[in-house]
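Chemist: Got a structure for you, questions after.
The values are calculated or read from the model by the stated rules, or taken from the named source; none is laboratory data. Computed from a predicted model, the values in this text were never measured in an experiment. So basically every Cβ, Gly included, is an ideal-geometry build from the backbone, and we count neighbours across all protein chains shown.
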Amino acid sequence: MSPLGKFTLRLVIYGAVIAYLTGDLCVFKGPLRRGIDHTISTTLGGNANARSQDIVARVFDYQITRSQLDRAVRESLWFEGKSMEALTPIDRKAALESALDALIDHELLRVKAGDIAASLKVSDEEIHERLERFRTRFESADAMASAMKSQGIASMQDLRNRLAARIQQEKYVASEIDTLVRITDDEARQWFEENQQQLAWPERIEARHIFIPTLDHPPDVAKAKLAAALADLTEGRRDFATLVKEISEDSATKDHGGSLGWMTRARLPADFAAAVFPLAIHQPTLVRTRLGWHLVEVTGRKSAAPRTFDQAQPEILAALEAVKRRHAITEFRAALRKSAAANIQVFQDMLAE
């Protein structure tokens, strides 16, 4: 081809390209224009829209609002006995970021668990057990209702649905990591050899109780009822087992004479352990904890003592598995976050407020 022909061909090609770009950008809004619009929307308009709607992050099509994030932070701090107002600016920012990570992970897990929901059955018994555990966090029904309202939980059915979803997510994670958390006998024995002193039996007590929760009863009424039971017991009008059946509202021990079994301090809530461990054997006593009133009798006591591997093995296996499980969950969530990175958008300026 002659030089003139090559020059003419270039002009035709360049003209076609310019014509396409002009049409794409200005006329029919083709892929290039849509891509530019999306970038502008994400970097500028997206942030403005997020600010106007109180949005701190998006996960797929799900929006996480600042008010939702603040509730999550308050709940997390509440479990640690802290408040947002008491935090330094640096700690406040860290708490917000940690809570946001948890909310993002929660939504990613919800999506993943939803994909295989049919195979992740959650029974009514599992929901009931989780609901009962949830109840124990509160001193009264009013406190529980107030906490539910602050978290945007409209009803008990709504709470049950949320608990069921959380259990389903836990089952999904477990199905993904269970093969990674198994402990061999050699691992357990090695850990035992290295930690024998820490594995010695601590002081233990055996106790039984009659329990009335203040979640469902006024504290003064609960105390008076157990004081009357203590008088009946002391004067021989009724025995402990009979009073348990008549009065106690602890479903786990009601059919077993109120027996709590052998317990260490570490196994008990701090306020209950502090009140019960100093008690003399066979001297029933009224004890108040944040959960309610107890009529407690210590029936046995054992001093600290060393343990053999066979005695400690169940505890060792549980402890090592817990460590492996936490590590596996952390790695699994990191991998899940990485695989979904393109569908996660965080508006950092909303966190700075």
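Chemist: For the stretch 34-67: of the residues being in contact with a helix residue (DSSP H, G or I) (Cβ under 7 Å, 6 or more places away or on another chain) and assigned to a helix (DSSP H, G or I), which is modelled with the highest pLDDT?
Modeler: Arg66
Chemist: Determine which member of the set Ala305, Ala342 is touching a residue at least 24 places away in the same chain (Cβ under 8 Å) and of a type in the set (A, V, I, L, M).
Modeler: Answer to the selection: Ala305.
Chemist: What's the number of the only condition in (1) over 32 Å from the mean Cα position of the chain (by Cα); (2) under 25 Å from Pro219 (Cβ atoms); (3) touching a residue at least 40 places away in the same chain (Cβ under 8 Å) that Trp293 fails to meet?
Modeler: Checking Trp293 against (1) over 32 Å from the mean Cα position of the chain (by Cα); (2) under 25 Å from Pro219 (Cβ atoms); (3) touching a residue at least 40 places away in the same chain (Cβ under 8 Å), the one that fails is (1).
Chemist: Oh, and also: Could you please tell me which pairs satisfy a Cβ distance under 6 Å, a separation of 6+ or placement on different chains, a first residue in the stretch 119-130 that is closer than 17 Å to Gln157 by Cβ, and a second residue that is surrounded by 10 or more Cβ atoms within 10 Å (Cβ to Cβ)?
Modeler: Close Cβ pairs satisfying both conditions: Val122/Ala164; Val122/Ile167; Val122/Gln168; Glu126/Ile167; Ile127/Arg160; Ile127/Leu163; Ile127/Ala164; Arg130/Leu163.
Chemist: If you scan the stretch 247-266, which residues turn out to be surrounded by 13 or more Cβ atoms within 10 Å (Cβ to Cβ) and either among the charged types (D, E, K, R) or free of Cβ contacts under 8 Å to residues at least 12 places away in the same chain (or both)?
Modeler: Glu249, Asp250, Lys254, His256, Arg265 - these are the residues of the stretch 247-266 that are surrounded by 13 or more Cβ atoms within 10 Å (Cβ to Cβ) and either among the charged types (D, E, K, R) or free of Cβ contacts under 8 Å to residues at least 12 places away in the same chain (or both).
Chemist: Since Ala322 meets every condition but one in (1) on the phi > 0 side of the Ramachandran plot; (2) within 33 Å of the chain's Cα centre (by Cα), which condition does it not meet?
Modeler: Only one criterion in (1) on the phi > 0 side of the Ramachandran plot; (2) within 33 Å of the chain's Cα centre (by Cα) is unmet by Ala322, namely (1).
Residues checked against (1) at pLDDT 90 or above; (2) among the hydroxyl-bearing types (Ser, Thr, Tyr); (3) over 30 Å from Gln190 (Cβ atoms); (4) surrounded by fewer than 13 Cβ atoms within 10 Å (Cβ to Cβ):
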site: Leu320; (1), (2), (3), (4): yes, no, no, no
site: Lys324; (1), (2), (3), (4): no, no, no, no
site: Phe347; (1), (2), (3), (4): no, no, yes, no
site: Met350; (1), (2), (3), (4): no, no, yes, no
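Chemist: Of all residues in the stretch 87-100, count the ones that are of a type in the set (D, E, K, R) and either assigned by TED's automatic domain parsing to the domain that holds Ala165 or touching a residue at least 40 places away in the same chain (Cβ under 8 Å) (or both).
Modeler: Residues in the stretch 87-100 being of a type in the set (D, E, K, R) and either assigned by TED's automatic domain parsing to the domain that holds Ala165 or touching a residue at least 40 places away in the same chain (Cβ under 8 Å) (or both): 2 in total.
Chemist: For Glu85, which of the numbered conditions (1) at pLDDT 80 or above; (2) more than 24 Å from Glu107 (Cα to Cα); (3) touching a helix residue (DSSP H, G or I) at 6+ places or on another chain (Cβ under 6 Å) fails to hold?
Modeler: If we test Glu85 against (1) at pLDDT 80 or above; (2) more than 24 Å from Glu107 (Cα to Cα); (3) touching a helix residue (DSSP H, G or I) at 6+ places or on another chain (Cβ under 6 Å), just (3) comes out false.
Per-residue answers, yes or no, for (1) small (Gly, Ala, Ser); (2) in contact with an Asp or Glu (Cβ under 9 Å, 6 or more places away or on another chain); (3) farther than 30 Å from Ile177 by Cβ:
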residue	(1), (2), (3)
Leu260	no, yes, yes
Ala266	yes, no, no
Gly300	yes, yes, yes
Gln313	no, yes, no
Glu321	no, no, no
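Chemist: Can you tell me how many residues within the stretch 148-159 are buried (at least 17 other Cβ atoms within 10 Å of the Cβ) and farther than 18 Å from Glu107 by Cα?
Modeler: 1
Chemist: On to the next question. Please return the ranges of helices (runs of 4 or more DSSP H) entirely within the stretch 234-353 where 1 or more residues are in contact with a helix residue (DSSP H, G or I) (Cβ under 7 Å, 6 or more places away or on another chain), small (Gly, Ala, Ser) and more than 30 Å from Thr65 (Cα to Cα).
Modeler: The helices (runs of 4 or more DSSP H) meeting that bar are 270-276, 309-339.
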